[in-house]
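Below you'll find the structure, written out as structure tokens, and then a few comments.
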Amino acid sequence: MQVADFDYHLPESLIAQFPPQVRGESRLLHINGLVRQDSHFCELPQFLRAGDVLIFNDTKVIKARVFGKKDSGGAIEALIERVLDERSALAHIRSSRAPKPGARLIFADRWTATMIERKDDLFKLQFDGEESVLDILEQAGQLPLPPYITHIPDDEDARRYQTVYARDPGAVAAPTAGLHFTEDLLAKLQAMGVKTGYLTLHVGAGTFQPVRVDDIAEHIMHHERYSIPAATIALIEKAKAQGGRVIAVGTTSLRALEAASQQGFLAQPEGDTNIFITPGYQFRVVDRLITNFHLPKSTLLMLVAAFAGYDTMLAAYQYAVEQKYRFFSYGDAMLLEPDTL
């Protein structure tokens, strides 16, 4: 298939620049083949039943964007892609000239780091001093809102561009399907017998990278680190054995579950993955998917087309545009049934 096969027209006015005034007050489009049902996210329980399992990504967005200068004086902007350990990280760097190994970088006129080596598009940085990379970012960094959100992040973004269950810092972008969940909704689902499990996949900046080839078979996905606890695996196995459905909350949860099952059902509970899911993929674990609306020509649109059916998804997106759903990270959500053809 070609990248152009995953294009659609989206009026700029439908790109959500801010979250809904109250968390959870978003719309929900339920898609089951060609059957569409308009709903609201607070009504999600009507589509679930006791014994179902919701799998959440508990990653926490870090203040990954930091500004500074080279010791030679040139301005730089760094976006921390992955924290490697207490003192080192991989980063994207924007500057007039890329720093060379050994170059000294100064962030916020206070913290210093050395560029150790370049790894493709990323730069390995070694930070000086006793403070950890995460502590430095918390003090000096800026929340890395997606490129299609045009305002400068503020305190409200720091609260709302984070799920209520986020607990493991390391993501550059939020697992946005989870932004709709509130503590009250989680409690309601638990009371009706829906189980909840957690995994961690630290979302990287590559999630926003465009596909730069025409033939999608030639595209190489970025790598992301995931970990699935034994308790979550046991929960999924029990649900499957008892006829429950596994519902991935977001494409990151789905990618982690499917990546873990490439060598057998959840046989690889942690590791790096660059799994690229496109139409024709056979899903091994996930039975339902909750997700936001994705960018035209994006790998995430290809993933949902693989899950719900190519024709089904393109028709659903056209319908969502006509009905003025809000798109992307701060936008509305979909509940997708799998393609059974």
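What to note about this one:
- Test: residue in segment 222-236 that is surrounded by fewer than 18 Cβ atoms within 10 Å (Cβ to Cβ) and in contact with a Phe, Trp or Tyr (Cβ under 8 Å, 6 or more places away or on another chain): yes
- Residue within segment 283-300 that is in a helix (DSSP H, G or I), within 19 Å of residue 209 (Cα to Cα) and in the same structural domain as residue 174 (by TED's automatic domain parsing) present: yes
- Test for residue 133: is it at pLDDT below 95, closer than 26 Å to residue 156 by Cα and not assigned by TED's automatic domain parsing to the domain that holds residue 220: no
- Contacts under 6 angstrom Cβ, first residue in segment 134-160 being farther than 12 Å from residue 17 by Cβ, partner surrounded by fewer than 15 Cβ atoms within 10 Å (Cβ to Cβ), 6 or more apart: 140/108; 143/158
- Pick from segment 61-77, criterion within 21 Å of the chain's Cα centre (by Cα) and more than 17 Å from residue 225 (Cα to Cα), ranking: surrounded by the most Cβ atoms within 10 Å (Cβ to Cβ): 66
- Of the residues 267, 241, 260, the single one that is touching a strand residue (DSSP E or B) at 6+ places or on another chain (Cβ under 9 Å) and either at pLDDT 95 or above or small (Gly, Ala, Ser) (or both) is 260.
- Considering 311, 272, 339, the condition of being surrounded by fewer than 22 Cβ atoms within 10 Å (Cβ to Cβ) and in a strand (DSSP E or B) is satisfied by 272 alone.
- Filter result for residue 225 (assigned by TED's automatic domain parsing to the domain that holds residue 307 and either farther than 17 Å from residue 301 by Cα or small (Gly, Ala, Ser) (or both)): yes
- Matching option when the condition is farther than 23 Å from residue 224 by Cα and modelled with pLDDT of 95 or more, among 109, 157: 157
- Index of the failed condition, residue 80 passing every other in (1) assigned to a strand (DSSP E or B); (2) touching a Ser or Thr at 6+ places or on another chain (Cβ under 9 Å); (3) crowded, with 16+ Cβ neighbours inside 10 Å: (2)
- Criterion violated by residue 11 - all others in (1) under 14 Å from residue 331 (Cα atoms); (2) touching a helix residue (DSSP H, G or I) at 6+ places or on another chain (Cβ under 8 Å); (3) surrounded by 12 or more Cβ atoms within 10 Å (Cβ to Cβ) satisfied: (3)
- Matching option when the condition is crowded, with 24+ Cβ neighbours inside 10 Å, touching a strand residue (DSSP E or B) at 6+ places or on another chain (Cβ under 7 Å), modelled with pLDDT of 95 or more and over 17 Å from residue 173 (Cα atoms), among 289, 254, 303: 289
- When 280, 244, 271 are checked against the criterion of being of a type outside the set (S, T, N, Q), over 28 Å from residue 38 (Cα atoms) and out of contact with any Leu (no Cβ under 8 Å at 6 or more places or on another chain), a single residue qualifies: 271.
- Of the numbered criteria (1) outside any loop (DSSP other than H, G, I, E, B); (2) touching a residue at least 12 places away in the same chain (Cβ under 8 Å), the one residue 213 fails is (1).
- Subset of segment 21-38 [in contact with a helix residue (DSSP H, G or I) (Cβ under 9 Å, 6 or more places away or on another chain) and without any contact (Cβ under 8 Å) to a residue 40 or more places away in the chain]: 25, 37
- Within segment 42-52, if we keep just the residues that are surrounded by fewer than 22 Cβ atoms within 10 Å (Cβ to Cβ) and of a type in the set (A, V, I, L, M, F, W, C), the residue that is nearest to residue 158 (Cα to Cα) turns out to be 42.
- The residues of segment 155-187 that are among the hydrophobic types (A, V, I, L, M, F, W, C), under 14 Å from the mean Cα position of the chain (by Cα) and crowded, with 21+ Cβ neighbours inside 10 Å, listed by number, are 171, 172, 173, 174, 177, 179.
- The residue list 174, 166, 158 contains one member that is of a type outside the set (Lys, Arg) and in a helix (DSSP H, G or I), which is 158.
The values are calculated or read from the model by the stated rules, or taken from the named source; none is laboratory data. On a predicted model such as this, the values are computed, not experimentally measured, just so you know. Please note: Cβ atoms are built from the backbone with ideal geometry, for glycine as well, and neighbour counts cover all protein chains shown.
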